[in-house]
1. Restricting to the range 99-116, count the residues that are under 18 Å from Pro131 (Cα atoms) and part of a helix (DSSP H, G or I).
2. Could you list, in sequence order, all residues of the range 116-156 that are in contact with a helix residue (DSSP H, G or I) (Cβ under 9 Å, 6 or more places away or on another chain), modelled with pLDDT of 85 or more and of a type in the set (D, E, K, R)?
3. Output the residues belonging to the range 80-113 that are aliphatic (A, V, I, L, M) and under 26 Å from Lys62 (Cα atoms).
4. Quick one: what pairs do we get from the range 46-59, first residue at positive phi, second among the polar types (S, T, N, Q) and loosely packed, with under 13 Cβ neighbours inside 10 Å, C-beta under 7 Å, 6+ apart or different chains?
5. Please indicate, with yes or no, whether at least one residue in the range 33-53 is within 13 Å of the chain's Cα centre (by Cα), modelled with pLDDT under 90, in a loop (DSSP other than H, G, I, E, B) and over 19 Å from Val110 (Cα atoms).
6. Mind checking which residues of the range 71-93 are of a type in the set (D, E, K, R), in a helix (DSSP H, G or I) and either open to solvent by 40 Å² or more (accessible area, probe 1.4 Å) or within 16 Å of Pro46 (Cα to Cα) (or both)?
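The values are calculated or read from the model by the stated rules, or taken from the named source; none is laboratory data. From a predicted model like this one, the values you see are computed outputs, not experimental measurements. Note that each Cβ is placed from the backbone with ideal geometry, even for glycine, and that neighbours are counted across all protein chains shown. Accessible surface areas use protein heavy atoms only, side chains included; no ligands, DNA or RNA. Shrake-Rupley method; radii C 1.70, N 1.55, O 1.52, S 1.80 Å.
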Amino acid sequence: PTRPFASRMGAESSKVPLASSFARLETEDISATDKTFWNTILSASPDLYASVGAERIRLALKDKPRNVAILARKAVQNLVKAHQKEGPLPSNEQVAVLASAALLSRLLPVLYEKEAEHKFVETVFWEGKMPAGAAGEADSEIKPAAQGEGAGAGAG
């Protein structure tokens with residue numbers, strides 16, 4: 001069976017930046033405004049996210065929860081933006097939507113594992129609060145999807 005996006009995206013060469021990005025995600029405080037980092041991690045070929053193991057996500061969640069919160073919110077924002085567009089998406093935006101969906105399919109099961117204990121999903125997505133992160137970094141740097149760009153468009 002063919003994987004339509006793997007050949008177009010250079011799946012093998014994309015593994016290195018994705019692995020490097022996840023290593024940084026686990027160990028460094030990454031600003032929500034670091035567009036290069038977030039674009040790299042959110043633009044990999046969708047099938048590459050299968051290589052991101054649950055243990056890596058757990059480690060990042062334990063050591064750098066703010067990074068995981070930013071990542072999850074940015075992935076959701078990609079889906080919201082695509083939903084709000086009229087007409088077909090250009091191919092690069094289609095890949096970004098598929099990559100975001102693939103990434104969320106890896107993140108969400110881990111985020112919900114111990115939700116009763118840590119309330120990460122409730123806090124980040126529903127209350128709009130961010131875990132502690134880099135000193136001086138404002139919560140307003142990344143908004144919950146419901147408050148993101150274009151949210152409420154068309155509302156009365």
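1. The total comes to 8.
2. The answer is Glu122, Lys129.
3. Ala99, Ala101, Ala102, Leu103, Leu104, Leu107, Leu108, Val110, Leu111
4. Taking only residues 6 or more apart or on different chains, not a single pair turns up.
5. Checked the range 33-53: at least one residue is within 13 Å of the chain's Cα centre (by Cα), modelled with pLDDT under 90, in a loop (DSSP other than H, G, I, E, B) and over 19 Å from Val110 (Cα atoms).
6. Within the range 71-93, Lys74, Lys81, Glu93 qualify.
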